[in-house]
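Worksheet: one structure, shown below.
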Number of protein chains: 2
Amino acid sequence: MPRPYCKMEPLALGQVRIADTFWAPRIEVNRTGSIPHIHRMLAETGRLDALRLGWKTGDPNPPHIFWESDVAKWLEAAAYSLATHPDPTLEKQVDETIALLAGAQQADGYLNVHFTVVEPGKRWTNLRDWHELYCAGHLIEAGVAHFEATGKRTLLDIVTRYADYIDSVFGPGKRTGYPGHEEIELALMKLYRATGHERYLRLAEYFLDERGREPHLFDAEAAARGESPPMHPQGGLGLDYWQAHAPVREQHEAVGHAVRAMYLASGMADLVAETGDEPLRKACRALWESAALRKLYLTGGVGARHHGEAFGRHYELPNESAYAETCAAIALVFFSHRMLQIEADGRYADVMERALYNGVLSGMSLDGMKYFYVNPLASAGDHHRQPFFGCACCPPNLARLLASLGTYAYSAAHDALYVHLYVAGQAAADVAGRHVSLTQETDYPWDGTVALRLAMDGRARFSLCLRVPGWCTKWQLKVNGKSVPARLRRGYITIRRVWQDGDRATLALAMPVERIVAHPLVADDAGRVALQRGPIVYCLEQCDHPAPVRSMTLPDKARLTARPAPRLLGGCVVIEGTGRTPAPSGWKADLYRRAAEVGRDRPTRLRAVPYFLWDNRRAGAMTVWMARER
Amino acid sequence: MPRPYCKMEPLALGQVRIADTFWAPRIEVNRTGSIPHIHRMLAETGRLDALRLGWKTGDPNPPHIFWESDVAKWLEAAAYSLATHPDPTLEKQVDETIALLAGAQQADGYLNVHFTVVEPGKRWTNLRDWHELYCAGHLIEAGVAHFEATGKRTLLDIVTRYADYIDSVFGPGKRTGYPGHEEIELALMKLYRATGHERYLRLAEYFLDERGREPHLFDAEAAARGESPPMHPQGGLGLDYWQAHAPVREQHEAVGHAVRAMYLASGMADLVAETGDEPLRKACRALWESAALRKLYLTGGVGARHHGEAFGRHYELPNESAYAETCAAIALVFFSHRMLQIEADGRYADVMERALYNGVLSGMSLDGMKYFYVNPLASAGDHHRQPFFGCACCPPNLARLLASLGTYAYSAAHDALYVHLYVAGQAAADVAGRHVSLTQETDYPWDGTVALRLAMDGRARFSLCLRVPGWCTKWQLKVNGKSVPARLRRGYITIRRVWQDGDRATLALAMPVERIVAHPLVADDAGRVALQRGPIVYCLEQCDHPAPVRSMTLPDKARLTARPAPRLLGGCVVIEGTGRTPAPSGWKADLYRRAAEVGRDRPTRLRAVPYFLWDNRRAGAMTVWMARER
């Protein structure tokens, strides 16, 4: 059943096959590298054993309040992977993990190891800082994914019981509450879709409605704990850190912890999709515009600040000190994808694509087993991917996104088929009463030509809606070999006609090297320029250059050439040209000199590589933005 | 008695009179505004009452571990002020405060309210994090200053008893220890100078020698407290935060908490001055070069990072996120001033001057009653001075430096008189057996002409050593109205001759507007330029400009003019010219655009004001560095 307030529905994972040279190998690395690696890490760090409830006071390594979320996201990733690629070993690990969760669940349905064995008396006593509802949300998402991928109800039953228990605790006439780390809202909306039980939608709605109401729940909780304000001049965190400063329908600026903010907004969008709640839709749009049009890194990262892992002010986008957590870029993909279904506007797909090809993918090493938590746009050479983290949200988040990438590429409506992402492979959908199979051939993102072929079980009139990315200014469309006039509207070309088996469409997106500048209010990019080609944002890495890359200047008149480098970094396109670098002579011990005393910059070879591939070679400095010489 | 390993000794406060239009009014604001204001703040926040030892468990506002240091620095500031300007009201407040300290001192000499009334069992149990030795150091500095200013022994006796008690606790054959927050080392060296008791020098030497030895004391302390490593990927602090990672003679890079590092280095230099310890001198020189030649902001600020209030890597000098704590710039003045006496090299005076006129003075508002803790080189307009802080180290640190400014201006040796800072007023010293009085007339720092006149009780051959600041490339010297050839060596012109009463020397330092660029490895300043005139670093404030100041570009060919603005910000010189600003049209909702689509920048009026004066008018954005158009 399509949702009443959506213009389209994403195709399910089983309807999409990815068979390209860009994503398919990465999804395979995810399946054979990342997912087993994360399972090992979960086991080695005690996250799986903890589910046996054997920890006792005085034991080392107490189960942490957010461990279930790591297990759950791994289960979700594994489920998606099983949906497109059967794997008995993985399925067995999944079943064993689910059995552990079943054993850890309490008689009343509660399921959080920390508050069962470490602090058993403290259940629900600090909704602001402790992650019970957050973990519950990830367990629910995993339960739904597992059910949809395998048809098994084992995990779905566990999370349904947990959700029913939570529903018995919170709500009107019951305990007042909402989570400090949002996530359960969007999860309950998925559970509602999977089960059809409206109580889950109502509970999600309750958590959203209650949030930010006065008197503030989190202040009352904090006062009850006897918290005093911090001594240090740097200060602490305000209610906006938790997006709890105002009712959600009155929130118009993306603030506070970026992952939480984007998960919250995703849950809000899910409710809009079902109920059409107009004030909520307006808030969603305002939050998205704030995040994507005034707080977005060129790489699709969000959350500029380390302090609070938080959104900064509008246009506050420092490069080296960027936080841009991998999970925040992923959460922005979730939110943008939801808004795209509701509004059918290509700007949401543009941001989704920008994040996917840059600030999300940068989170993972080429071998899939090392991760960035933080994704800066410049580095002195001391920032490197790690095998895992104490707070390990990002690795399994990447794994679940990559394993489910197919669902982001296409959507269908009653009589329309949308192509959002250009990825070689197939999609199958029922459109206008016909079964339609669409094959894509393309070398995207390295080349902009996309050939589409339809296979159908009969003729039907419907719209094929092809996205023209925001980065593209020149494109050409052919249908069955003939140029056809087509109008671009809100990011899509709509080809409405009677389609039949064997019909072909070809979209050629011109993909020159582009120099990009940032809005004048982005102070950190003033006088600077970055390189982009197609959806790919580029950077300079020190290992390609003899001179310090972060002091290189790019003259406006320097010619830049894109060149395929099939053996570099798993295969990519590099950008080459001539930049300028300060003359090293004369600096000696000085830190500052009169400009007039410093000689003119010298020409130097420049080679830019895709940003998402950085830090896969020799450690060194990196920069996305270069000083511009006009 | 001059110190054996110093080339000169600073003149005492009583030997110097400041009578200019720049510092004198600021010193008077300090005396009539800041010092009374800080006393009020000490009283209002409970810091003075705490000394009555009346706090009991359960009472609000428990005395904090560093409160004595705030009281002590205020006492030190008040003592310096009394030395140059008698003030019965202030002297009464000082005496009352000393009486409170006498009452708080324990029978054994110990003096820290927190560990007397709040956690009485925990004395000396966490040298790493708790500030007992730090507070003791500030009390000792205050005791010495008070004795030297007033001749009274009341506070000196208290701190001598405390120092003797500390000496009975720590040292070879006693308890092993050294402070997490350095300060007591330099204070004990002052106490040694004031009393002549060598045991204080030995105790300072012990604390320096013990620091960083393996096995690491702080690790052992932490293990005893059962501390576990932090969970968060951002990580914690290493031993280098406390400069405890290596023995001090093996430390060559300025690292960790910047104030601590510079206080430590000052104590090290004090020991070098007395003992000539060559490895220690080498370490001092290396630490100074690291701090001043590779980690120094153009404003003289140090400590780039908020995290740990710490030095960054070499050349890590971000602008908006600069920490550059006021206290760190002050501590750099202390350290540089000490190195200057030891080595007689103008580079130390250059850094001292850069800090004093920029990153130190910026710490205080024009009315002397609001303070910056953090001194960024760019702001979005949300950074403002505050009346006080929970951690209130900076306000009384500024007060004591301003009240003692005279001691930084001159030094004397057996047959030489050094002028380090150009400040209208007088200095008196015994040189080459004669009493010499030197009068300076100058409008420095707004004008570079300095007229010097000698009054003497007879003729004598000695060297008058005049500093030629590092910022000056063109200067002219006249003696008794005639140009004389003079050689510049290590930052000073030495005029050696027989001087007599009425002799005059005039030094004209050319003071054009200078465009400054940073070392190619300072990534945050790549492609940028800043303005300096004389010792004063300039900035753009939003209230002077219609266009966003942080996106303004300064063409190399733009003419810049210095103009006196006697009614602006208490009187200053501004720099005016024409910059360029992005055309605002066409940006609409975009955050990033193709460079080719954006119109050329437009000319716009530019007015730069001295950096230290910013945030004294309408709140708004500020920047020191501008994009450079070549």
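The values are calculated or read from the model by the stated rules, or taken from the named source; none is laboratory data. Since the model is a prediction, treat every value here as computed from it, not as a measurement. Glycine also receives a Cβ, built like all others from the backbone with ideal geometry; neighbour counts cover every protein chain displayed. Only protein heavy atoms, including side chains, enter the accessible area calculation; ligands, DNA and RNA are left aside. Shrake-Rupley method; radii C 1.70, N 1.55, O 1.52, S 1.80 Å.
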Estimated distance in nm for a label pair at A:Thr176 and A:Arg225, the labels positioned 7 Å out from Cα along Cα-to-Cβ: 1.8
Kyte-Doolittle at least 0.5, axis length at least 20 Å by Cα - qualifying DSSP helices, chain B: B:258-275, B:326-343
Give the accessible surface of the stretch B:45-211 per residue, rounded to a whole number of Å², with probe radius 1.4 Å and ligands, DNA and RNA excluded. 35
Find how much the distance from B:Asp501 to B:Asp59 grows on full extension, using 0.36 nm per residue of separation minus their present alpha carbon separation; answer in nm with one decimal. 152.5 nm
Once the mean of 1/r over all distinct C-alpha pairs in the stretch B:418-484 is inverted, the Kirkwood radius in Å reads 13.1
Convex hull per residue volume in Å³, alpha carbons only, for the protein assembly as shown: 174
What's the center-to-center distance, using Cα atoms, between the stretch B:349-374 and the stretch A:83-100 in Å? 64
Under 14 Å between alpha carbons, and skipping anything fewer than 8 positions from B:Lys282 in its own chain: which aspartates and glutamates qualify? B:Glu250, B:Glu253, B:Asp270, B:Glu343
Once each part is reduced to its C-alpha centroid, what is the distance from the stretch A:154-224 to the stretch B:524-592 in angstrom? 52
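Within 10 Å of each Cβ in B:582-594, how many Cβ atoms from other chains are there, averaged over the peptide?
5
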Along Cα→Cβ at 7 Å, what distances in nm separate the A:Asp345 label point from those on the other copies, shortest first? 6.2
In a shell of Cβ-Cβ distance under 15 Å around A:Ala409, excluding A:Ala409 itself, what net charge do Lys and Arg (+1) and Asp and Glu (-1) give? -2
Are there residues in the stretch B:520-537 whose accessible area shrinks by at least 20 Å² when all protein chains are included rather than the chain by itself, and which are they (probe 1.4 Å, ligands and nucleic acids not counted)? B:Pro520, B:Leu521, B:Ala523, B:Asp524, B:Ala526, B:Arg528
Of the beta bridges DSSP finds with both residues in the stretch B:514-629, what % are antiparallel, to the nearest 5? 90
Lys and Arg at +1, Asp and Glu at -1: add these up for the other residues within a Cβ distance under 11 Å of B:Gly256 and post the number. -2
Quote the relative contact order of chain B in percent (integer), defining contacts as alpha-carbon pairs under 8 Å separated by 6+ residues. 13
Restricting to aspartates and glutamates and to Cα separations under 14 Å from A:Lys122, and discarding same-chain partners fewer than 8 apart, the set is A:Glu132, A:Glu221
Cα-derived Rg over Rh, computed across the stretch B:436-582 with Rh taken as Kirkwood radius: 1.09
List for the stretch B:254-294: residues with 20 Å² or greater reduction in accessible area, all protein chains versus chain alone, probe 1.4 Å? B:Leu293
Of B:Lys190/B:Lys295; A:Lys588/B:Lys7; B:Lys92/B:Lys152, which sit over 19 Å apart, Cα to Cα? B:Lys190/B:Lys295; A:Lys588/B:Lys7
Note: the stretch B:514-629, point scatterers on Cα, Debye, no solvent; log10 I/I(0) at q = 0.10, 0.23 Å⁻¹ equals -0.32, -1.39
Could you sort B:544-550, B:71-77 so that the peptide with the highest average Cβ count within 10 Å comes first and the rest follow in order? B:71-77, B:544-550
Heavy-atom accessible area per residue - the stretch A:514-629, 1.4 Å, Å²: 37
Kirkwood Rh and Cα Rg combined as Rg/Rh, the stretch A:78-139: 1.09
Tell me the carbon and sulfur percent of the accessible area for the stretch B:247-378, rounded to whole percent, probe radius 1.4 Å. 53
Using only the Cα atoms of the stretch A:247-378, each taken as one equal point scatterer with no solvent, compute I(q) by the Debye sum, divide by I(0), and report log10 of the ratio at q = 0.09, 0.10, 0.15, 0.21 Å⁻¹. -0.23, -0.28, -0.63, -1.15
Rounded to a whole number, the mean other protein chain Cβ count within 10 angstrom for residues of A:382-394 is 2
How much FRET efficiency would the formula 1/(1 + (r/R0)^6) give for A:Arg52 and A:Ala565, where r is the Cβ-Cβ distance and R0 is 60 Å, rounded to 0.05? 0.75
Classify the stretch B:146-215: rounded, prolate or oblate, from the alpha-carbon gyration tensor (a ≥ b ≥ c, eigenvalue square roots; a/c under 1.5 rounded; otherwise prolate if a/b is larger than b/c)? prolate
Env charge @ A:Leu298, Cβ radius under 10 Å, K,R +1 / D,E -1, value 0
Over all directions, the stretch B:374-470 yields a Cα convex hull whose mean projected area in nm² is 9.1
Remind me, relative contact order of the stretch A:247-378 in percent, using alpha carbon pairs under 8 angstrom and six or more residues apart? 26
With no solvent and one point on each alpha carbon, what is the Debye value of log10 I(q)/I(0) for the stretch B:32-89 at q = 0.17, 0.18, 0.25, 0.30 Å⁻¹? -0.61, -0.66, -1.03, -1.28
Interface A:B - total buried accessible surface [probe 1.4 Å, Å², rounded to 100]: 5200
State, as an integer percentage, the relative contact order of the stretch B:45-211 based on alpha-carbon contacts under 8 Å between residues 6 or more apart. 24
Give me Rg/Rg_expected for the stretch A:338-403, where Rg uses Cα atoms only and Rg_expected = 2.2 N^0.38 Å with N residues. 1.30
With one decimal in nm and the nearest listed first, the spacings from B:Arg225 to its own position in the other copies, using label points 7 Å along Cα-to-Cβ, are 2.0
With the radius of gyration and the Kirkwood radius both derived from the Cα set of chain B, what is their ratio Rg to Rh? 0.97
A correct Stokes-Einstein calculation for the stretch B:45-211, using the alpha-carbon Kirkwood radius, 20 °C and 1.002 mPa s, returns a whole-number D in µm² s⁻¹ of 134
